[in-house]
Amino acid sequence: MSQTNTSLLDEVVRWSQETCRQELKSVLPKLTALHFESHSWDDNIRILKIIIDVFLPYIGLSELEDECFSKIFPKAVTVFNSMMKEIMDQVGGLSSQNTEVCDLLRNLLQGMMQVIDALSACVRHVGSFEEAPDLDAIRSLPTCILSVLRETFQHCKDSEVVYCGRLSLVADLLQGLFKEAYSLHKGLLELLDRISLDSSASEEVVSDVVTVIHSLLDICSLISNLDMAMHANTWKFLIKQSLKYQSLVEERLRHGDIITSLCDNLLASFQNSVELAEQIKQAGLQESAQSPEYKLFQKTAKMCRFFANTLVHYIKEFTFFLTKYCRNFHHLYLKIISEFPPSLCAPVLPTALAGDLNAAALVPMNAFLLQLLPLRPFAEVVLQQDLTLSPEHELPQCLLLVNILGHLAEQPEDVQQLWYTGSQFSEDSLRLPLFQAIFISFRQCYTERKVPVLLPGVMLKGQAQVQVTLHQHICVQLCAGVAALPPAFFPTLERCLIDAVLQADTQTALLAADVWCFTARYGTAELCLHHVHLVAQMVKACTAECYQLFHLGLLLKRLVFLMTPNHQMELVAHFPPSKVENLPVWHHVLLRALSRETSLHVQADIIGLAQKVLTDWEDGGYKLGQMEKVNAVLLSLLSVLRGQPSPGEQSVLSAVKMVTQLWSRMCPDQVKTHPVLQHTLKLLLSTVAILVKNIEPQVICQAVLCLDAVVSQKCADHLLLAALDFLSSLGKIFIPPDSQNQILPRLSSLFRILLADKSWLIQQHALEAFSYFAENTNHEEVISQSLDVEETKTKVVSYLSKTLNAQEDEETRLQRVKQEAAVIKEHNKKQESKETVSNKQAAEVVTDFEPCPKKARQESSTEYSRYIQTAQSALKALQALIKSNACTTETPPLWLPDKLQELQTLIADLHITSVKPTA
């Protein structure tokens, strides 16, 4: 700097206030020019301080920007950045021995503090005016200060890396630098908070506001780990400014960056809270308000709650601009829910800590979800068909869907339509109906079902809440959803229930059956009848033993219990048990579910049909080709015996007679060769197990001889299970002496073979069957002879004494269950690919039975009359046509008599159905 310029600066600092005021107009331009042209850091800082300390107090608010700020701040930022660059260039040589570099760096840090102090003086001066300034009047101020703050906070954040073990040499100055920046940051936010804009604000001013908001966003990412209070206050101000000028800035804001940063901060503070809670637990520290660890945990949890609430508020105000980030919201929700029980990866925490975390994150997630429910993109993300999730997010996804279901009753119709119905048009993104998505998600939670995880149940009659399984929890929520479901969405529910029952996972099918039964009970009796007809028709469509038949049969068995006596008679009329093709339906109906009159009717029809089929089989020469029909009636006969607590005497006598007839025709060699006869053997064994006290000893002997010959070969598991039922039932009877030599040794041999079976399923049932036999039999020699192998004897003794095998620890068991889950999922996938009952078949059946509304519509007599009149008119017109042709040479078509016969049959069937049987 020249001697003249130095003299000017020395002179100015000695001026009085009055002189400064008088010389302001002439000297200030010289000083600002001098400041701009100077290349020395020290000179720049000295000039900057003289301008601000000496002349700034006398500059009016309207002149600040043009006369001062716009001229000095750009240079101040340049000087500050050059000093920062010099530090980065020289810091490599910093050491306690290199005093020259150490002094240089300390001088640079002190200079940077002086710059920040000068900027703070500017903020204080502007804030001293009574009236709030226009942003135009100070527009250079926030831009300059935010640039300096950003560099300062970045340097402080990186100081550990930058100074690399030599931080202690400058730590005091870095601490002072941060404090000065902290104070400047706080003052700037207070000043900006006083400023207001109206709708007439210029384009430049609005652009400045947007720049300020985005600069603060950048600063937030730097100070997140430096100071919690400053971090929170900066975010509060950022959101406040965004909302204050919402109409002006909403289309210019970087909503993606803001929302991403909010989500990241929420997850980071939440994860920090979880880690602190785990550390407190592991260290055995007290959860008291005086504990430093607990205080830090509370502060972190408070930050988590702040970010969660801020996120909810921002989504509420800027929903239109955030739809493309719904995938992020979905991931955020799953991530947070996965850290809470009952998630298998959630930490187990003390009650107080868990309560604080729950209030900080879990409670705000409910409000978060409510903001997202009306968004179609969110529904498309959550309900996408092939959603791929990590294992730890499968349960949270299921709980999310159930939570959504619980909120829908309070939502407008368009939101309900969005979630309940799924995608409606081909141009829509594929979106599953909510009920279907819940069943699919529940199916994926195999590990959680197996463990099982527990959730809070529903409080009943003032009783305390109990923990329930995932199945129970979801079942209750689904049934509550069905109860609140508007009638318009009921057909969709029915389709979802059908799909869930027909898929391969049995527990998911059982869940669907539970909900289906609630639906039938909640609706009208006519709705229940409609559903029974639908399920019965699908049972008939199953052409082979398959998992769909098993699931549908269980459902049918339960639904029949819910029917009225009159509707049960309608079911009998629609699917007469006297016809072989209807027997698959009655295999799955328990007679005790029927009224007495209906039960007797069904029982008589089935026994009469069984006797007729066996007679025809006998008259036809016992042909093997007829065995499928014989097995069908034998299975129905077994259903009759199982379906009531104590079968009637006539039923028992008829069944004994038919079973005796069949046993006389069973040949072990043929059974080994023909699978159809193995099925017959299985049914006969199960039937004899029920009728054992009424069966003649020679028939028992035939059964044991046949079984002994067959079991020596490799048999299917279902046949062995039936054999065990039969063997255990023999404990109830006394074998006559003349039959003991043939029967008892074979009983011992059969028990030995089955107790030694390698299959855990057969082995467990064998232990149960042998235990029951041993408790009831008079033939104790069978027991000792069955246990002549020491290993088998040890197994039986352990079972009877309820000795437990070595217990798995929780981690080992969890890993085993996860491995099982992969195997079972693959098995179910293969089962469904076989399509023993194709989706096309099921669709055809469902199409034939148009879904009823939630409350079945009662047909009026007017509608009946209308259909009858239409039919009468058509028939009368046909009659007139035939008569007119009779008077001419023209003859009716040859097919007419056959069609008239079909009409006559249809009318007869309608007559039978319309006449309600009397009780």
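General remarks:
- Taking other C-beta atoms within 10 angstrom as a stand-in for reagent exposure, S654, S62 fall in the order S62, S654, fewest first.
- Prolate/oblate/rounded call for segment 1-58, Cα gyration tensor, a/c under 1.5 rounded: prolate
- Relative contact order for segment 481-636, counting Cα pairs under 8 Å that sit 6 or more residues apart, in percent: 18 percent
- The C-alpha atoms of the chain define a longest principal axis, and helix 255-283 lies at about 80 degrees to it.
- Between K672 and V458, the FRET efficiency from the beta-carbon distance, with R0 = 56 Å, is close to 0.55.
- Helical content alone sets the calculated 222 nm signal of the chain at -22500 deg cm²/dmol, taking -39,500 (n - 2.57) per DSSP H segment of four or more residues and averaging over every residue.
- Residue-span extension gain [Q90 to K758] - 0.36 nm each, minus C-alpha spacing: 232.8 nm
- If you take the Cα centroid of segment 494-539 and the Cα centroid of segment 81-139, the two points sit 74 Å apart.
- Cα centroid of segment 671-703 to Cα centroid of segment 247-285, whole Å: 69 Å
- Relative contact order for segment 61-253, counting Cα pairs under 8 Å that sit 6 or more residues apart, in percent: 26 percent
- Here the calculated FRET efficiency for S202 and T260, from their Cβ-Cβ distance with R0 = 25 Å, stands at 0.25, rounded to the nearest 0.05.
- Of the trypsin sites (Lys or Arg not before Pro) found in segment 410-495, those that fall in a DSSP loop while having at most 16 other beta-carbon atoms within 10 Å are K461.
- Cα→Cβ-extended label distance, 7 Å offset, between E526 and D414, nm: 3.4 nm
- Share of alpha-carbon pairs per 10 Å distance bin for the chain, given as whole %: 2, 9, 13, 15, 14, 12, 9, 8, 6, 6, 4, 2, 1, 0
- Neighbour-limited loop hits for trypsin sites (Lys or Arg not before Pro), segment 539-621 (at most 13 other Cβ within 10 Å; DSSP other than H, G, I, E, B): K579
- Principal-axis analysis of the Cα atoms of the chain puts helix 760-776 at an angle of about 50° to the longest axis.
- Gyration tensor (alpha-carbon) shape descriptor, segment 460-614, a/c threshold 1.5: prolate
- Note on A822 and C546: with the Förster distance fixed at 30 Å, the Cβ-Cβ geometry gives a FRET efficiency of about 0.80.
- Least to most buried among L493, L222 (fewest other Cβ within 10 Å first): L222, L493
- Annotation: aspartates and glutamates with alpha-carbon distance below 16 angstrom to K629 (same-chain offsets under eight excluded): E545, E581, D605, D616, E618, D619.
- Pairwise label distance in nanometres, S183 with D136, each label 7 Å out on the Cα-Cβ vector: 3.4 nm
- Extension gain, K793 to A171, is 216.1 nm, computed as 0.36 nm per intervening residue step minus the present C-alpha separation.
- Loop-located trypsin sites (Lys or Arg not before Pro) in segment 131-173 (DSSP state other than H, G, I, E, B) with a sparse environment of at most 13 neighbouring Cβ atoms within 10 Å are absent.
- Stretchable slack from N776 to K316, in nm (0.36 nm times residue separation minus alpha-carbon distance): 158.5 nm
- Stretch in the chain that is longest and holds no GluC sites (Glu not before Pro) that DSSP places in a loop and that have at most 13 other beta carbons within 10 Å: 546-807
- Distance between the pseudo-spin-label points of D809 and D428 (7 Å out from Cα toward the beta carbon): 5.1 nm.
- Degrees, to the nearest 10: 737-755 long Cα axis against longest axis of the chain: 20 degrees
- For the residue pairs K244/K335; K302/K324; K186/K240; K657/K682; K157/K244; K30/K71, the C-alpha atoms sit more than 20 angstrom apart in K244/K335; K302/K324; K157/K244.
- Other residues with beta-carbon under 11 Å from the beta-carbon of D257 carry, at +1 per Lys or Arg and -1 per Asp or Glu, a net charge of -1.
Readers should treat all values here as calculations from the given coordinates under stated rules, not as data from a laboratory. Remember, it's a predicted structure, so these values are computed and weren't measured experimentally. Methodologically, a virtual Cβ is constructed for each residue, glycine included, from the backbone with ideal geometry; neighbour enumeration extends over all protein chains shown.
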